[in-house]
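The values are calculated or read from the model by the stated rules, or taken from the named source; none is laboratory data. For clarity, every value in this text was computed on a predicted model and none was experimentally measured. Neighbour counts are summed over all protein chains in view; Cβ atoms, including those assigned to glycine, are modelled from backbone coordinates with ideal geometry. Protein only, heavy atoms only, side chains kept; ligands, DNA and RNA dropped before computing areas. Shrake-Rupley method; radii C 1.70, N 1.55, O 1.52, S 1.80 Å.
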Amino acid sequence: MGRRITGPRASTAFTTIDIDKPGKQNGFVMIPHSPHDDAWGVTRIPIGVISNGKGPTVILEGGNHGDEYEGPIAIAELMRDLPADQVEGRLILMPSVNVPAAVAGQRTSTVDGLNFNRTFPGDPRGTMTQQISAFMSDDILPRGDAFIDLHSGGSSLDILPSSVVEPADDAELERKSIAANRAFDAPAIVVISNLGDTRTATASAIASGLITVGTEMGGCGTVSIEALEICRRGVRNVLSHLGVLPGHTIEIRHENQKVLELPGSKAFVYATMDGVFEGFHQKGREVRAGEEAGRIHCPWDPTRPPETLTYQADGILYGRRQPGRVKPGNCCLVVAAPYQEKI
Ligand SMILES: [Zn+2]
């Protein structure tokens with residue numbers, strides 16, 4: 001069974017399909033896992049390949065965080081419904097890449113507690129999450145010309161539906177990524193560097209020279225009707241833009257997409273005390289640095305006055321914390337500012 005993977009770092013992972021074979025295949029990446037009740041078992045990560053003719057290889061990843069649902073739904077639909085003869089090139093489809101987190105509906109893995117998107121380039125001799133990111137780094141990203149990483153706000157954030165540009169040192173690669181983001185046709189494009197963190201899937205893809213499109217769809221741990229429609233259409237639009245779905249006509253509904261960026265640490269409004277956060281504004285509202293953003297109440301210490309939080313940057317309110325309960329350091333609000341450079 002399966003084809004042994006021979007990446008640059010020795011690994012015990014293997015696949016039940018041949019990723020490089022033409023045609024349409026659905027199977028699993030198998031990562032040996034030996035817990036108390038399963039001495040010689042595996043963790044199975046679903047993978048599909050649709051390969052036909054000559055063309056670029058596009059990698060589609062969902063379930064990077066297990067409580068973000070629109071992307072995984074859209075990718076799984078392609079695995080079931082897209083015939084190989086509509087593809088010119090190759091799709092590698094991974095709708096639940098961090099499968100222990102996806103099964104649990106949690107951001108982080110239930111096996112080792114790690115956030116997959118802070119483990120790149122991973123470790124093939126590390127914990128389960130580190131082994132998955134090592135497999136992506138060593139065996140999937142090197143096969144790709146482009147990478148689509150579909151996130152949403154997850155359980156803790158409600159975010160404006162948007163596609164996401166991972167900054168690149170290579171200006172030409174960033175230009176190509178922005179063009180692919182425009183084809184995704186979300187209402188906004190946001191440049192997000194995660195404060196320069198290079199341990200993410202998209203940072204790894206950019207470092208490997210892949211045209212990269214991320215997303216932040218709705219959030220709140222739900223499936224947004226609006227965001228799912230944007231996601232389904234956006235994925236096919238990007239595949240067409242890249243030449244992999246030549247029969248698909250790109251449909252653009254947002255001619256004047258806002259292009260924004262998270263302005264470093266000033267983008268974030270953090271909780272300053274233990275309590276319950278009251279945000280003052282809805283998503284999408286224009287805000288100013290210094291403006292009152294909300295306050296934290298402490299209902300179990302009612303004589304204590306609330307603490308007021310303020311925005312640190314001018315822009316629009318891009319994300320809001322979903323749970324009311326906060327502890328110091330929790331991210332309550334996110335502001336996106338206009339992006340000026342390179343576009
Ligand atoms: Zn995510």
Report task. Round to a whole angstrom and tell me the spacing of the C-alpha centers of the range 84-113 and the range 235-257. Result -> 23
Query - Cα-derived Rg over Rh, computed across the range 129-274 with Rh taken as Kirkwood radius - result: 0.97
Requested in this report: Report the far tail of the P(r) of the range 55-103, meaning the percent of Cα-Cα pairs longer than 15 Å.
Outcome: 44
Report summary line: In Å³ per residue, the alpha-carbon convex hull of the chain encloses 136
Report task. May I ask for the net charge around Tyr318, where only other residues with Cβ less than 13 Å from the Cβ of Tyr318 are counted and Lys, Arg are +1 while Asp, Glu are -1? Result -> +1
**Report entry** Simple spin-label estimate for Gln322 and Asn115 in nanometres, 7 Å along Cα-Cβ
**Finding:** 1.5
Report task. List the GluC sites (Glu not before Pro) within the range 182-273 that fall in a DSSP loop (any state other than H, G, I, E or B) and whose Cβ has at most 11 other Cβ atoms within 10 Å. Result -> Glu255
Query raised in the report: Relative contact order (percent) for the range 97-138, with alpha-carbon contacts under 8 angstrom and 6 or more residues of separation?
Result: 29
Query raised in the report: In square nanometres, what is the average projected area of the Cα convex hull of the range 221-280?
Result: 7.5
Requested in this report: With an 8 Å cut-off on Cα pairs and a minimum separation of 6 or more residues, tell me the relative contact order of the chain in percent.
Outcome: 14
Query raised in the report: In degrees between 0 and 90, to the nearest 10, how far off the longest principal axis of the chain does helix 171-184 point, with axes built from Cα atoms?
Result: 80
Report summary line: Normalised Cα Rg of the range 164-218, dividing by 2.2 N^0.38 Å with N its residue count, works out at 1.03
Requested in this report: May I ask you to evaluate 6.51 cos²θ - 1.76 cosθ + 1.60, the Karplus curve with θ = phi - 60°, for each residue of the range 86-100 and list the ³J(HN,Hα) values in order in whole Hz, giving x for glycine and proline?
Outcome: 8, 9, 10, x, 8, 10, 10, 10, 10, x, 9, 5, 9, 5, x
Query raised in the report: Using the Cα gyration tensor of the range 30-119, with a ≥ b ≥ c the square roots of its eigenvalues, what is the shape: rounded (a/c below 1.5), prolate (a/b larger than b/c) or oblate (neither)?
Result: prolate
**Report entry** Charge dipole of the range 208-343 about the Cα centre (unit charges at C-beta), most positive-ward option of Ser265, Thr303, Pro246
**Finding:** Pro246
Report summary line: Note on the range 1-129: contact order normalised by length, alpha-carbon pairs under 8 Å, 6 or more apart, percent, works out to 22
Query - Orientation-averaged projected area, Cα convex hull of the range 200-343 (nm²) - result: 11.0
Query - Between 0 and 90°, nearest 10: helix 225-241 axis offset from the chain longest Cα axis - result: 50
Query - When each of Lys258/Lys283; Lys283/Lys327; Lys21/Lys176 is checked by Cα-Cα distance, pairs over 20 Å - result: Lys283/Lys327; Lys21/Lys176
Query raised in the report: For the chain, which span is the longest to avoid every loop-located (per DSSP) member of chymotrypsin sites (Phe, Trp or Tyr not before Pro) having at most 16 other Cβ atoms inside 10 Å?
Result: 41-279
Report summary line: Note on the chain, DSSP bridge orientation, antiparallel percent to nearest 5 equals 65
Query raised in the report: Counting only heavy atoms of protein chains, what accessible area per residue, in Å², does the chain have with a probe of 1.4 Å?
Result: 43
Query raised in the report: Between Ala183, Gly113, Gly89, whose Cα lies farthest towards the positive end of the dipole of the range 54-212 when Lys and Arg beta carbons carry +1 and Asp and Glu beta carbons carry -1, centred on the Cα centre?
Result: Gly113
Report summary line: Computed for the chain: size of charge dipole around the Cα centre, +1 on C-beta of each Lys and Arg, -1 on C-beta of each Asp and Glu, debye to nearest 20, value 280
Report task. Grab the other residues whose beta carbon is less than 13 angstrom from that of Arg125, score K and R as +1, D and E as -1, and report the net. Result -> -1
Query - 10 Å beta-carbon shell around Leu245, net charge (K/R +1, D/E -1) - result: 0
Report summary line: Projected onto their principal axes, the Cα atoms of the range 119-198 stretch, largest extent first, over whole-Å spans of 41, 34, 21
Query raised in the report: What do you get when you divide the Cα radius of gyration of the range 1-80 by 2.2 N^0.38 Å, with N the number of residues?
Result: 1.24
Query raised in the report: Just how far, in whole angstrom, is the range 296-320 from the range 133-210 if you go by their alpha carbon centroids?
Result: 31
